[in-house]
Structure formats: C-alpha cells, structure tokens
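Shown next, in structure tokens, is the structure this report addresses.
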Amino acid sequence: MALFGALLLALLAGAHAELPGCKIRVTSKALDLVKQEGLRFLEQELETITIPDLRGREGHFYYNISEVKVTELQLTSSELHFQPGQELVLQISNASLGLRFRRQLLYWFFYDGGYINASAEGVSIRTALQLSGDPTGRIKVSNVSCQASVSRMHAAFGGTFKKVYEFLSTFITSGMRFLLNQQICPVLYHAGMVLLNSLLDTVPVRSSVDDLVGIDYSLLKDPVASTSNLDMDFRGAFFPLAERNWSLPNRAVEPQLQEEERMVYVAFSEFFFDSAMESYFRAGALQLSLVGDKVPHDLDMLLRATYFGSIVLLSPAVIDSPLKLELRVLAPPRCTIKPSGTTVSVTASVTIALVPSDQPEVQLSSMTMDARLNAKMALRGKALRTQLDLRRFRIYSNQSALESLALIPLQAPLKTMLQIGVMPMLNERMWRGVQIPLPEGINFVREVVTNHAGFLTIGADLHFAKGLREVIEKNRPASRDPLASSAPPPSTTAA
C-alpha cells in the first residue's frame, strides 16, 4: 500500500511538473576549451595567494621569511570532466608553483637579507563545483569542495650564510609548504563561490527583449550531470512587459536532446515560439495600418477600381479621400515544427476604408486573410534569429461567397504588398533576435539547425569572445579579499 501511494505521488508530481521550453546540453567536447580558459584564470588566482610571514629561531640563529608571492604555475597533467552528483571536477597532478620571497637572518651581530626564488613541487589539486538553481531561477555554483597538497619545497639559498640556510632549509621549507597548503583551497573556494558566480550573474533570467515583450529563462530544476554532458532545463517563455505575471500554459512536446557530437546543443519547443507570438499579440503589436501615401500606388488604384460601385454612391467630398488599409491579427499565431520545416499560421482581418478629413472613416470592405509563413531559425553569436517567408495566402469575405469571388483579383496584389512592404519590416525586427542564456563573453559558432516533431535543436561549438578574467573583472563584487567569503576548512589533505 505504501508503495502504491509513493507511485501515485510520483505520477501526480510528474503530471504537474512544468515542461521546459528551452533545453541546453553542454557536452564533454566543450571541456577542453573551457579548461584552457579556466586554467589561465586559475593561474592568475593562485598568484593572489598571500602567505603569512614565517619566522623562528634555531639556537642563536633568528630567521624571517616574508613577502612570499606566487610567480607562476606550471602544469604537467590536468583534467576537467563531468561527474554525476558533483557536476564539474578539475584534477591537477604533479604541478609546480614558482615562488619568490624575502629572507632575513640574524646571528649574534651578523645580518643577512635579500630576495630568493623557490619552487613548490608535486602540487596536486582536486576541486569540484556543484551547480544548482537559486530561488530566482538563476544557475549558481552552490558548493565548492577542494583537496590540495604540496609534496616538497625547494629553495636555492645563497649569500654569506648559505651554509646556515642549508642547515635551516628543512625548517623553513616545511613551514612554507604547510602555509601554502593552507592557502590554495580558500583561493579556489573564493574563485568558485564569488568570482564564477559573478560570471553566471551575466546569464539572463528575466529580461526585456524590446519595449513590449520580455523573456523568462528561469532554471526549472538543478542541472543534471552525467559522465559525458551537463543538461539544463529552462522555462523559455515570453511575456508582455505590461503583464509580467501572465504566462502561457505549456502543452507542447518536451524537447529532447540525444546528440553529443558538438560542444553544445540548444533545443526549443513549439511553446517557445508560441509564447513569443502570443505575447506580442497581447501587447497589441500584431497590427498594421497604411493610410494615403503609405498604400502602394498600384494597389490604391486597384482597390478603388474594385470598390468603384460603392465609392460612386458616396458624396463628392468623400470620393477623393485617402484610402486606408488596415491589417489586424485576430488570434495569436501558432508555430508548427516538423522534420520538413517550421511554419507559422496567421489569421487576420483586412479592412479597406476611405478616410475623409474631419469626418468618420467610411468602410468599403472587411475581409479575412489566412497566411502561412515558412520560418528559418539561425543562431548568431548568442542570439536566436528568425527569418519569415510568405508562402500561402488567401482572402475571403466575411459577408458572402459572392463577394469572396469578387476579391480574387485582389489576391495577387495584396500578397505582393505583404511581401514587399510588410515582410521586410517584420524580418528586420525578427533578425535582431533574442539572447540565449549564455554567460557574457561566450558565443556560438558553426551552428547546425535540425527540425524534429514538435521541437528543433541547434548544435554548435563555443568561442570565447572575451577571456574569463576580463568578464569577471568587469562584474567582480566590491570585496576582493578571498577570505571575505565564508570559506570552508582549507584542505582535507594539507600536510
């Protein structure tokens, strides 16, 4: 009975779970590129390590080691991979750190000082980043685990007290190795929890597309990692800026990602595009009015000839009035995605009237237009762009079948007017695109679009248009002290 209840609860939870309109998969193919950029960033962060002064006494010898700075990181072996439960793991083995510090030695009344170079050998670091969604739906680094160790230290002492330093080197290098072990993990913890999160803050969650519509890329659940990829589900829904709490129910097919050949894959369901068109419809943007000189001259003459019988019955003051052609979408357009292509179906009213000055307009005709447009999607940089092409078009009268027959001569010129006058304006707006949820400085290249039943996928590779350091410095929080964040214990393997 308990098992039946658990199954019932699971089914109910699944039935009410919100489906994603957008999915993103990052594959292991992207990790080599991310590792190259990440290691450059890691090297710069390790150079910020601050090691406390080391001072002590052995018999009559007093020594002080200060101003210790990391000068370089040399990597022999490094690996970045996905791990279920940990998300992203970086493993560095047998690396070395170059160091420079100031030495001071006092023996009775004899003093020696200067700067010296040293190296930390056999450096091993294992750090894992766990990703999750915060309450606002933004992806975050929620936890950083770290293990670090330094196997040995070497310092080339010289000067007057070279033999003395060689005698004391065991104490000095052991102390420096211990202090260095204590500093590596806090720096990495700060880099993940503070600096990388400042990079993830550049990923749009709820943002404006234009003056009328916004888009919601809230993360619906925590990212899921396998050994070969990282999958993220986003709401992927547009909304009118005047109705920020409005949302369209998602009843579309859930997009599926199976491919792993490219660095990243993005999938969009029909819901993604339907919510965009319904949002613009609710915002009152899907209408067009052409008056007077805005109506093409040839179409103006054809319309006046078509409705000559109605026009001649009007008063002379109205006959020569400017002509008005108004198109108004009657219901939100709908998108259909099939393996053969993507189409958008639109139903609109077409009203033809005369607009005399200082008088009410005189309606000549009202008809209904059904149009089908082909849509081609493309990903440029990090913007999803759409180009529309008018394929099918027909008009019919709301009044009678006889009037519908009389409208046949208007089919071709109205379609030409739409292709020449309306579609370029619409495509200009559509080609600006809408941003995909990627961090600043990362773009898509070499995109391939594939249509499926109910959704489409775009496979692409990644390109760093800006370095991680550049983006993080731009968005870095005010506090620059690595210890300002609540760091965990320095390392579980520190010696």
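The values are calculated or read from the model by the stated rules, or taken from the named source; none is laboratory data. Worth saying up front: this structure is predicted, and the values here are computed from it rather than measured. As a convention, Cβ positions derive from the backbone with ideal geometry for all residues, glycine included, and neighbour counts pool all protein chains shown. Remember, those area values only see protein heavy atoms, side chains included, never the ligands or the DNA or RNA. Shrake-Rupley method; radii C 1.70, N 1.55, O 1.52, S 1.80 Å.
What the table below lists for this structure:
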| read-out | value |
| --- | --- |
| Dimensionless Rg ratio for the chain, taking C-alpha atoms and the 2.2 N^0.38 Å reference | 1.45 |
| Segment Thr368-Gln411, length gained on full extension (0.36 nm per residue, minus Cα span) | 14.3 nm |
| Accessible surface of the range 19-158, 1.4 Å probe, proportion on carbon and sulfur as whole % | 49 |
| Shape call, the range 286-437: gyration tensor on alpha carbons, a/c limit 1.5 | prolate |
| The range 29-201 shape via C-alpha gyration tensor axes, a/c threshold 1.5 | prolate |
| Amide N proximity, the range 339-382 versus Asn451 label position 7 Å along Cα-to-Cβ, cut-off under 13 Å | 339-345, 373-378 |
| Length-normalised contact order for the chain - Cα pairs under 8 Å, 6+ apart - percent | 16 |
| Leu241-Glu79 pseudo-label distance in nm [points 7 Å out on the Cα-to-Cβ vector] | 5.0 |
| Of Lys69/Lys140; Lys294/Lys382; Lys324/Lys415; Lys324/Lys376; Lys23/Lys474, pairs whose Cα-Cα distance is over 26 Å | Lys69/Lys140; Lys294/Lys382; Lys324/Lys376; Lys23/Lys474 |
| Lys/Arg +1, Asp/Glu -1 at C-beta; the chain dipole; positive extreme among Phe101, Ser145, Leu220 | Phe101 |
| Isolated Cys residues of the chain, judged by Cβ distance under 4.7 Å to other cysteines | Cys22, Cys335 |
| Directionally averaged shadow of the range 188-272, computed from the convex hull of its alpha-carbon atoms, nm² | 7.7 |
| 1.4 Å probe accessible area per residue over the range 29-201, in Å² | 46 |
| The range 286-437, accessible surface, carbon-and-sulfur percent (1.4 angstrom probe) | 56 |
| Computed helical MRE - 222 nm, the chain, DSSP H runs ≥ 4 contributing -39500 (n - 2.57), nearest 500 | -7500 deg cm²/dmol |
| For Arg138, distant residues with modelled amide H under 5 Å away | Leu219 |
| 5 angstrom amide H check on Thr202, placed H, neighbours 5+ away | Glu440 |
| Given charges at Cβ of Lys, Arg, Asp, Glu: the chain dipole, positive-most of Gln387, Pro332, Asn475 | Asn475 |
| Gap separating the Cα centres of the range 191-226 and the range 437-473, nearest whole Å | 14 |
| Mean accessible surface per residue for the range 215-342, computed with a 1.4 Å probe while every protein chain stays in place, in Å² | 49 |
